[in-house]
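The values are calculated or read from the model by the stated rules, or taken from the named source; none is laboratory data. For clarity, every value in this text was computed on a predicted model and none was experimentally measured. Cβ atoms come from the backbone with ideal geometry, glycine included; neighbour counts cover every protein chain shown.
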Amino acid sequence: MSYDRYVAICRPLQYPVLMRRRICYIMSGGVWFWSCVQALTCSLYVLPLPYCKSNVIKHNMCDYPALVQLSCSDNSAFEKTIYIGDFLVFLIPVSIILASYIAILLQVLGPRSSKRSHKALGTCLSHLCVVGLFYGASMLTYMTPVSSYSALRSMINTLFTTIVPATMNPFIYSLRNRDVSAALRKLFAKYTLHK
């Protein structure tokens, strides 16, 4: 999405060429492939582990840090390998997102920018908020050592990676609509008058 916005704002005349269907398929396929490799690596390691602790996981989804903590074997090599993989899974998309938005910011703040470019920046900021919520919670979930794993903290982080961005997305983007903003102002004004 950030690359799409970068092309739309910084290279509008080249948009049909730079955002061809084939390029979108390649970008989507690359993300899916790397994520599947990472998930498969974790699954193939965690499944045959010997478990000597309780088999009850106090969690709303079964993540590998919870399973590794229940294992009675030495998992330090696995943890190092997974941290490198997780770092790459986070680093590549975050660097592309940040590079795109830095280029957009430089374009908007440049001497030849228009009012239309400034409006586009508002949309980019809302997307950046949702992405920040998602990646921040994901890093807290997967980049902390397994030894300091907490079921409660993991459940809260899972909530922030799965439910909060999906819930905030329509809210953030609909507030940019003038009609929705005006209706919300009327609703809050009516609510405060009745109190």
Checking V31 against (1) in a helix (DSSP H, G or I); (2) surrounded by fewer than 11 Cβ atoms within 10 Å (Cβ to Cβ), the condition it does not meet: (2)
Some residue of region 29-40 being farther than 30 Å from N75 by Cβ and not β-branched (V, I, T): yes
All positions within region 34-58 that are surrounded by 15 or more Cβ atoms within 10 Å (Cβ to Cβ), more than 16 Å from V89 (Cβ to Cβ) and touching a residue at least 40 places away in the same chain (Cβ under 8 Å): I57
Close pairs (8 angstrom Cβ cut-off, 6 or more residues apart or separate chains): closer than 17 Å to L91 by Cα in region 122-140, among the charged types (D, E, K, R) anywhere: L140/R153
Residue match in region 20-32 (condition: closer than 20 Å to T141 by Cα and among the aliphatic types (A, V, I, L, M)): yes
Qualifying residues in region 20-66 (those that are closer than 19 Å to G85 by Cα and among the hydroxyl-bearing types (S, T, Y)) - the one modelled with the lowest pLDDT: Y64
Test: residue in region 42-50 that is within 13 Å of Y142 (Cβ to Cβ), out of contact with any Cys (no Cβ under 7 Å at 6 or more places or on another chain) and assigned to a helix (DSSP H, G or I): yes
Tally, over region 1-28, of residues that are loosely packed, with under 13 Cβ neighbours inside 10 Å, within 21 Å of I92 (Cα to Cα) and not aliphatic (A, V, I, L, M): 4
Matching residues, region 61-78, being in contact (Cβ under 8 Å) with a residue 24 or more places away in the chain and either exposed (fewer than 13 other Cβ atoms within 10 Å of the Cβ) or among the hydrophobic types (A, V, I, L, M, F, W, C) (or both): M61, A66, V68, S73, F78
